[in-house]
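Report on the structure given below.
Throughout, read-outs are computed from the coordinates displayed, never taken from laboratory work. Note that this is a predicted model, so its numbers are computed, not measured. Counting neighbours? That spans all protein chains shown, and the Cβs are built from the backbone with ideal geometry, glycine included.
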Amino acid sequence: MSAQESVGPLRQKPQSIRKLRASIAERSQRAIDIAEGYYARIERFNPQINAYLALTRDQAMEQAAAIDAQAAKGDPLPLLAGIPIGVKDVLAMRGVPTTAGSRILEKYRPPYDATAVTRLRNAGAVLLGKLNCDEFAMGSSNENSAYGPVRNPVDLDRVPGGSSGGSAASVAADLAVATLGTDTGGSIRQPASFCGVVGVLPTYGRVSRYGLIAFASSLDRVGPFAASVQDAAEVLHVLAGHDSLDATSATQPVGDYVAAASQDVKGMRIGIPEEYFGEGLDPEVRAAVEAGIDALRAQGCEIRHIRLKHTQYAIPVYYLVATAEASANLARFDGVRFGYRSTSATNLSSMYKLSREEGFGAEVKRRILLGTYALSAGYYDAYYRKAQQVRRILAEEFCQAFGEVDAIVTPTAPTAAFRIGEKSDDPMAMYLADIYTVTASLAGICGLSVPCGTTTAGLPVGLQVLGPHFGESAIFRVAAAVERTAKSE
Ligand code: GLN
């Protein structure tokens, strides 16, 4: 049996959050049975997909039982009551292994919860476990995990995208109703596109980063994956809001994302940037995205062609800023305080060196080297400062565009899911896969990926919707319109 033939039962759409919550409230389903059902699927399918790195069954069953008790009393249920959710392994969960996909954190158990995790718990979510990802969220294919690659449930020979590969794959295979991921340069949107699910990059500051293991602090964001736009809106509503534990957290009021997802798009102005439809874009991906744009036009959107002329600089700028910040953030993994310590060290300096040498994988080391170089005396002005200057131009370009349009639509990635191993020996080719996602990361704006069709081989294609700072409601509106058409086809 080939991998392709074995995927049938793997691909399943979760029930919607709204339906699950209603059935728990009406007592037609028990939260504990729903959770058991998810653990049974995980047991059956995770060996093939490798999405979960750790399961938190005892905690989950306890939470589910508490929700059932609340329902039995007829108490009003919180927003995510009984909803099974998985968490990317870069977010701290108290007492639970939190590895960031790295050997260096193999035995690390944080003494506290990330704010995003706390918010899910407080909203009644049943947290199933921790999800595989590229080491320290560095990658676009999930092949950089120290715990093995995640496989795409649509085709097990292909990557699920990265770095939040486990988060995307588990929603696509219904091993969770929704999941948390993180996106620094595309790590929510690109895997959502490859696995055929919805993934949201909230505006920088919209969701607290407290308890997130940092990769590049000026770019890192936490956001949801779900099987539908409405479910993603429900989860973001719970995650969003000010947190005094994160100094970059925003105080702007949180919009009604769920209502936005059911509003029509008549009269919305949609920008289509020429630079995102040029060389390197797979023709089948282009066709699916163009069909999505046609659907928006048919639903009353005004389609405007726009220019984002500096887009070509985004990849070098991103890979300078992200690696520079990573080299600083990862200095804390020195064998002293967290995780792995080499046993062959003979003195302090060899303990630092060997712990890092043995604990980090190849891609993480490459980034630390690149970042340290870009920040070093004599090169700082030429690389890091220059990159920051161009970053500002990219952000201003988006601000100007959002003076004329309400949202921008592009492909999420230039291709559908590639084969495992296809790009793993060629870092440049891998970095170029992020060409359409890193711009929004650098500009701090919000975005999402919504499925808009498939290639002839049946691989999902994602359409990216970008919105201005705190424009989440607008992008949910547009995404729901794309989803309505993609579904009815
Ligand atoms: N693929 C990009 C990188 O490797 C983005 C990763 C991310 O968003 N965490 O840096």
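Counting only DSSP H runs of at least 4 residues, each contributing -39500 (n - 2.57), and dividing by the residue count of the chain, the helix-based mean residue ellipticity at 222 nm comes to -12000 deg cm²/dmol. Note on the chain: antiparallel DSSP beta bridges, both residues inside, total approximately 65 percent of the bridges counted.
Whole-Hz Karplus values for segment 456-472 come out as 5, 7, x, 8, x, 10, x, 10, 8, 10, 10, x, x, 3, 6, x, 4 Hz, taken residue by residue from phi with 6.51 cos²θ - 1.76 cosθ + 1.60 and θ = phi - 60°; glycine and proline positions read x. Kindly list the residues of segment 424-455 that lie in the label zone of Gln252, defined by a backbone N under 11 Å from the point 7 Å along the Cα-to-C-beta vector. Inside the label zone: 444-447.
For Leu201, the residues whose modelled amide H falls within less than 5 Å of its own, excluding neighbours fewer than 5 places apart on the same chain, are Gly447, Leu448, Ser449.
Sequence-distant contacts, meaning Cα pairs under 8 Å at least 6 residues apart, place the relative contact order of the chain at 17 percent. Once the Cβ-Cβ distance of Leu369 and Lys107 is raised to the sixth power relative to R0 = 35 Å, the FRET efficiency obtained is 0.85.
Take every pair of alpha-carbon atoms less than 8 Å apart whose residues are at least six positions apart; their mean separation over the length of segment 379-476 yields a relative contact order of 33 percent.
Would you mind calculating the gained length between Leu245 and Glu43 on full extension (0.36 nm times residue separation, minus the Cα-Cα distance), in nm to one decimal? Going from the current span to full extension adds 69.1 nm. Residues whose amide H falls under 5 Å from that of Arg269, counting only those 5 or more places apart or on a different chain, are Glu302, Asp406, Ala407, with hydrogens built in the peptide plane. Okay, which of segment 295-333 sit inside 11 Å, backbone N to the point 7 Å along the Cα-Cβ direction of Tyr379? Backbone N within reach: 324.
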